[in-house]
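*Asks:* A single structure is presented below for examination.
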Amino acid sequence: MATAIVTGASRGIGAAIARELAARGHDVVVNCSGSIDKAEAVAAACREQGVRALAMAWDVSDFAACQTAVRQIRDELDAPTILVNNAGITADGLLLRMKEEQFDRVLQVNLKGAFNMMQACASVMVRARTGRIINLSSVAGVMGNAGQVNYAASKAGIIGMTKSAAKELGARGITVNAIAPGFIATDMTDALPAEVRERAERQIALGRFGRPEEIAALAGFLASDGAGYITGQVIVADGGLG
Ligand code: NAD
C-alpha cells in the first residue's frame, strides 16, 4: 500500500478523499492551511482504518513549504506515491469589479499550489517508478461560470497542467488525471446565495448537489491499480449539469 498526500483535507471533499484512501489501506497525510484540529480529527478517523495518518499544516502556495513537507513525509512515513491536489479557494466577483489581489490569490493557491506539490512529489514518484496524481479541477474550468473568472482560469489551468504532466510522466509509470466536480455540498457551496443554489439544482439532471463521498469514490478509483491505464483525463462528476 502507498503513502498518500491529500491537500486541503481538513474538511469537505479533501476530508472525504483522505478517509476513502485510508479505507483502501493507504497511509495518509491530511494537509490543511490553518485549523490543524480539524485535520487531526480527519487523521484520527483515517487511523481507525488501521493505517498511519499524519495531520500537517502548510500553505500549498508556498513553494519552499511544499518541498519541506514532502521531505518530512518521506522521512516520517514513506515516499509519497499518491498525491491529491484538492486544496482550493474561491474569491468570486464579476470581471469588471474583481480586485487584482482576488485574481492573484486564487491562482496562487489553486493553480500554483498544485504545481508546487506536483513538482515536490514527481521526483519522488520518478524514483519509485510509480505514482498517481489526481488534481481537483471543476466544471467551472470546463464551461466557465459568471463571477468566477479567477477560479475558472485556475481550474482550466489545472486541466492543461494535468494533460501536460501526464505526457511527461507516463513513461515513468505515473498517471495524472483531473476530476471536475459540479456542485458538491461542502462549506464552499454553502457560501453561495440561496437563489444560486436553487437555480443550480434545477439545472442538474439528478436534481441535487453531489456528496463529498461521491467525489472521493472516484479519487479512490483513480488512485487504484485498476485505473492504471487511465491518464491525462478530465473526469466530470456533476450529476448531469448542463
Ligand atoms: P472547502 O472550502 O470545503 O475546503 C477546501 C480545503 O482547502 C480546506 O480544508 C482549506 O483549509 C484548504 N486550503 C485552502 N487554502 C489552502 C492552502 N493555501 N494550503 C493548504 N490548504 C488550503 O472546499 P471543497 O468544496 O471541499 O473543495 C475541494 C476542492 O474541490 C477545491 O479545489 C475546489 O475548488 C474543488 N471543487 C469543489 C466543488 C464544490 O462544489 N464544492 C466543485 C468543483 C470543484
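The values are calculated or read from the model by the stated rules, or taken from the named source; none is laboratory data. For clarity, every value in this text was computed on a predicted model and none was experimentally measured. Cβ sites come from the backbone with ideal geometry, for glycine too, and all protein chains shown count toward neighbours.
*Asks:* Which of (1) surrounded by 16 or more Cβ atoms within 10 Å (Cβ to Cβ); (2) small (Gly, Ala, Ser); (3) in contact with a Lys or Arg (Cβ under 6 Å, 6 or more places away or on another chain) does residue 173 not meet, given it meets every other one?
*Replies:* Of (1) surrounded by 16 or more Cβ atoms within 10 Å (Cβ to Cβ); (2) small (Gly, Ala, Ser); (3) in contact with a Lys or Arg (Cβ under 6 Å, 6 or more places away or on another chain), only one is false for residue 173: (1).
*Asks:* Output the number of residues of the stretch 144-168 satisfying the condition of being in contact with a helix residue (DSSP H, G or I) (Cβ under 8 Å, 6 or more places away or on another chain), in a helix (DSSP H, G or I) and either touching a residue at least 40 places away in the same chain (Cβ under 8 Å) or of a type in the set (Ser, Thr, Tyr) (or both).
*Replies:* Summing the residues that are in contact with a helix residue (DSSP H, G or I) (Cβ under 8 Å, 6 or more places away or on another chain), in a helix (DSSP H, G or I) and either touching a residue at least 40 places away in the same chain (Cβ under 8 Å) or of a type in the set (Ser, Thr, Tyr) (or both) in the stretch 144-168 gives 11.
*Asks:* For residue 189, are the conditions met, namely being more than 16 Å from the ligand (Cβ to nearest atom), closer than 23 Å to residue 111 by Cα and not hydrophobic (A, V, I, L, M, F, W, C)?
*Replies:* No.
*Asks:* Can you tell me which residue among 219, 171, 178 is over 15 Å from the mean Cα position of the chain (by Cα), more than 20 Å from residue 91 (Cβ to Cβ) and either within 13 Å of the ligand (Cβ to nearest atom) or in a helix (DSSP H, G or I) (or both)?
*Replies:* Exactly one of 219, 171, 178 is over 15 Å from the mean Cα position of the chain (by Cα), more than 20 Å from residue 91 (Cβ to Cβ) and either within 13 Å of the ligand (Cβ to nearest atom) or in a helix (DSSP H, G or I) (or both), namely 171.
*Asks:* For the stretch 8-25, indicate whether the set of residues that are more than 12 Å from the ligand (Cβ to nearest atom), in a strand (DSSP E or B) and either crowded, with 23+ Cβ neighbours inside 10 Å or at pLDDT 95 or above (or both) is non-empty. Before the answer, list the steps.
*Replies:* At the first step, the residues of the stretch 8-25 found to be more than 12 Å from the ligand (Cβ to nearest atom) are 19-25.
Subset that is in a strand (DSSP E or B): none.
So far as the stretch 8-25 goes, no, none of its residues is more than 12 Å from the ligand (Cβ to nearest atom), in a strand (DSSP E or B) and either crowded, with 23+ Cβ neighbours inside 10 Å or at pLDDT 95 or above (or both).
*Asks:* Determine if the stretch 34-54 includes at least one residue that is surrounded by 16 or more Cβ atoms within 10 Å (Cβ to Cβ), within 13 Å of the ligand (Cβ to nearest atom) and in contact (Cβ under 8 Å) with a residue 40 or more places away in the chain.
*Replies:* No, because not a single residue in the stretch 34-54 is surrounded by 16 or more Cβ atoms within 10 Å (Cβ to Cβ), within 13 Å of the ligand (Cβ to nearest atom) and in contact (Cβ under 8 Å) with a residue 40 or more places away in the chain.
*Asks:* Another question, then. Which is modelled with pLDDT of 95 or more, surrounded by 23 or more Cβ atoms within 10 Å (Cβ to Cβ) and either within 15 Å of the ligand (Cβ to nearest atom) or of a type in the set (S, T, N, Q) (or both), of 161, 143, 117?
*Replies:* Details: 161 fails: surrounded by 23 or more Cβ atoms within 10 Å (Cβ to Cβ); 143 fails: surrounded by 23 or more Cβ atoms within 10 Å (Cβ to Cβ).
The match here is 117.
*Asks:* Pairs needed: first member in the stretch 85-101, away from the ligand (no atom under 16 Å from the Cβ); second member anywhere, in a loop (DSSP other than H, G, I, E, B); C-beta distance under 6 Å; at least 6 residues apart or different chains.
*Replies:* 94/147
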